[in-house]
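Asker: Sharing a structure below in structure tokens format, with a few things to ask.
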Amino acid sequence: MSSFRPQNNRAWLGVLPVVLIVAFSAVIPLMTVVNYSVQDILDFNTRFFVGLQWYEQTLNDPRFIEAFLRQVAFSLTILTIQIPLGIWVAKGIPQNSRMTPLILVVLAMPLLIPWNVVGTIWQIFARPDIGLLGVTINALGITYNYTSDPLHAWITLVMMDVWHWTSLVALLAFAGLTSIPQPFYQAAELDGANRWQMFRYVELPRLRGVLIIAVLLRLMDSFMIYTEPFVLTGGGPGNATTLLSQHLATMAVGQFDLGPAAAFSVIYFLFILLFCWLFYSSVVARNED
Amino acid sequence: MLELVGAHLQTESQAEFDHQFAPGQITVVLGANQSGKTNLCRLVAGQNSRARGQVLLDGIDLKTVDPRKRPVSMVYQAFVNYPNLTVAQNIASPLLARRGQGMMDKKTVAARVDELAHKLQIHSLLSRLPHELSGGQQQRLAIARALAKQAPVLLLDEPLVNLDFKLREALEIELRELLRETNTIVIYTSSDPRDAFTLGDEVLLLAAGEKLQAGAPLDVYLRPQSLAAMQLMADPGVNKFERDSRICALRPEHLRTVTDTGIDMTFDMQVSAFETNGSESFVHGEVEGAQWVMRCDGMLRISPGQHLKIGASASDVVQF
């Protein structure tokens with residue numbers, strides 16, 4: 001019995017690197033943020049414990065609430081576009097063609113482009129004076145200027161995100177579709193199912209798993225979006241496209257309000273966690289009915 | 001009457017054949033893997049496969065009929081049901097999908113579902129989802145779905161291979177009763193000759209897309225036209241030997257130890273393996289340079305390595 005003990009303890013050494021990495025990359029920074037969020041920091045030696053004051057202040061801050069509502073609107077908009085569009089694109093990809101790998105590579109390209117480059121591409125693409133999109137729309141007789149009109153800025157932002165991320169949903173859905181055995185389609189066909197019924201009763205139930213992952217990924221990612229709108233609109237015109245992360249960056253880096261920014265971060269983090277948990281538990285609970 | 005004209009089941013072979021399936025009859029299509037059984041089903045069902053050929057139902061070319069409206073239903077090897085519909089909804093699915101075409105009202109559908117669920121003994125499971133059923137129940141459901149359509153042609157593509165042995169035998173007997181009642185043209189594919197005897201009114205032997213022989217199972221068993229046909233109808237296999245430069249074959253069940261009566265030819269067997277389940281035994285060994293197998297009733301005291309004198313009645317020898 002006792003001869004096994006040293007071996008068992010040695011196994012902890014194997015886990016140690018992971019523990020260290022997680023500690024330095026996640027736990028310690030998170031705890032630092034929590035620590036900042038309850039203090040008023042004037043400089044490194046002068047700090048006061050203020051309790052939940054920054055939390056109260058953040059939650060009552062109209063700019064926070066506006067940014068939060070904009071954020072929710074943004075995430076819901078891109079989800080309602082990207083999920084159906086992604087499925088539709090995935091259904092259009094041939095499954096056993098020589099073209100399939102090529103199509104998948106082309107489809108994955110937006111995902112491989114660095115985020116600030118995506119922002120830059122669209123910033124130029126949509127410019128009404130020299131951008132292909134902006135000039136074309138204006139040439140059609142529609143006044144379009146995303147730097148001055150909030151609605152145009154929103155549409156451009158949503159279009160950019162749809163362009164950037166629909167591929168992810170499409171690739172996930174495609175993987176789900178290829179795993180459906182042919183007899184399921186054939187049986188439905190002989191049952192006389194039309195295309196909608198085929199989708200509703202054969203494909204959709206088997207896409208559930210990957211679609212839950214797709215919605216979760218897109219929900220979390222879109223809630224944290226920073227780089228692309230920062231490059232594209234800088235949050236403007238005015239504050240029209242200032243989403244949560246950008247508001248946070250302004251507070252933390254721009255105004256150096258570390259305490260309020262830390263409280264904001266914790267709330268932000270909890271919101272993402274809460275949304276994902278609510279979504280996940282609601283679909284999983286429905287599954288168990 | 002269902003007619004296949006110029007059926008070409010496999011791209012690798014040139015073989016084409018004609019065959020007629022009669023209403024109220026179960027035709028067991030017997031063939032090894034890749035012999036074209038599934039392609040035959042798909043050809044009849046009108047679903048994409050490499051098979052070509054004309055399919056005539058009562059003289060009407062089915063090619064002109066959209067697969068969605070084909071008078072054909074099919075049960076697959078995999079348990080194919082709609083995962084998010086209950087058992088009752090699943091059975092009703094082929095009826096409901098057609099309801100738009102003015103086929104059935106709700107009451108008739110409910111009655112039909114109830115009747116089929118009783119026939120297939122899944123009436124206590126009507127509100128369950130397919131994933132809550134056992135494999136055997138899932139396949140019962142798939143069969144009920146196929147029957148619900150009341151199509152004049154029913155295809156069963158190795159429906160029982162994914163079930164365990166006992167369940168298979170039980171369902172097979174039930175299926176026979178169920179299918180005999182109707183005036184349906186039933187095509188049942190299998191690789192097990194026993195299915196031909198338990199289910200088939202007729203057997204159609206396929207090898208590499210080619211029709212080897214067709215007829216009543218017992219006729220085909222007694223009078224095989226080729227060694228391949230005899231091989232397909234034999235379990236576990238046939239024993240080949242040569243006499244006067246003609247190929248001859250004996251079935252495992254026709255071999256006996258020499259102590260038995262009614263023997264007019266003998267062979268020397270070098271026993272290589274022996275298996276028994278108590279009620280019957282299989283002796284594997286080498287005879288005249290070929291691998292043979294003998295099937296006997298009960299247990300025998302035989303061990304591998306031993307020499308055995310075996311014999312058969314000359315009337316059981318099939319010559320080709």
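The values are calculated or read from the model by the stated rules, or taken from the named source; none is laboratory data. What you see is a predicted model; the values in this text were computed from it and never measured. Heads up, the Cβs are rebuilt from the backbone with ideal geometry, glycines too, and the neighbour counts pull from every protein chain shown.
Asker: Would you check which residues across region A:51-82 are among the hydrophobic types (A, V, I, L, M, F, W, C) and buried (at least 18 other Cβ atoms within 10 Å of the Cβ) and list them?
Answerer: Listed by number, the residues that qualify are A:Trp54, A:Phe64, A:Ala67, A:Phe68, A:Phe74, A:Ile78.
Asker: Scan (1) under 23 Å from B:Ser315 (Cα atoms); (2) in a loop (DSSP other than H, G, I, E, B) for the single condition B:Leu300 breaks and write down its number.
Answerer: Here B:Leu300 clears every test but (1).
Asker: For region A:227-238, what are the residues that are outside any helix (DSSP H, G or I) and either surrounded by fewer than 16 Cβ atoms within 10 Å (Cβ to Cβ) or in contact with a Gly (Cβ under 6 Å, 6 or more places away or on another chain) (or both)?
Answerer: A:Gly234, A:Gly238
Asker: Can you find a residue in region A:146-165 that is surrounded by fewer than 22 Cβ atoms within 10 Å (Cβ to Cβ), within 14 Å of chain B (Cβ to nearest Cβ), assigned to a helix (DSSP H, G or I) and of a type outside the set (Val, Ile, Thr)?
Answerer: The answer is no, given that none of the residues of region A:146-165 is surrounded by fewer than 22 Cβ atoms within 10 Å (Cβ to Cβ), within 14 Å of chain B (Cβ to nearest Cβ), assigned to a helix (DSSP H, G or I) and of a type outside the set (Val, Ile, Thr).
Asker: Can B:Pro159 be described as closer than 18 Å to A:Ala188 by Cβ, touching a His at 6+ places or on another chain (Cβ under 8 Å) and of a type outside the set (S, T, N, Q)?
Answerer: The answer is no for B:Pro159.
Asker: Sticking with this one: For region B:1-54, how many residues are among the β-branched types (Val, Ile, Thr) and within 14 Å of chain A (Cβ to nearest Cβ)?
Answerer: 2
Asker: Further question: Could you tell me whether A:Tyr185 is at pLDDT below 90 and either assigned by TED's automatic domain parsing to the domain that holds A:Gln71 or within 30 Å of B:Pro159 (Cβ to Cβ) (or both)?
Answerer: Judged against the criteria, A:Tyr185 is not a match.
Asker: To continue, here is another question. Which condition number does B:Met294 fail, the rest of (1) under 30 Å from B:His8 (Cα atoms); (2) in contact (Cβ under 8 Å) with a residue 24 or more places away in the chain being met?
Answerer: Failed condition: (1).
Asker: Name the residue, out of A:Ala214, A:Ala252, that is aliphatic (A, V, I, L, M), under 14 Å from the mean Cα position of the chain (by Cα) and surrounded by 17 or more Cβ atoms within 10 Å (Cβ to Cβ).
Answerer: Matching residue, one of A:Ala214, A:Ala252: A:Ala214.
Asker: Now a separate question. Looking at (1) of a type outside the set (S, T, N, Q); (2) in contact with a strand residue (DSSP E or B) (Cβ under 8 Å, 6 or more places away or on another chain); (3) at pLDDT below 90, find the lone condition where B:Val283 falls short.
Answerer: All conditions pass for B:Val283, except number (3).
Asker: From A:Gly209, A:Gly192, which residue is closer than 15 Å to A:Phe279 by Cβ and assigned by TED's automatic domain parsing to the domain that holds A:Val117?
Answerer: A:Gly209
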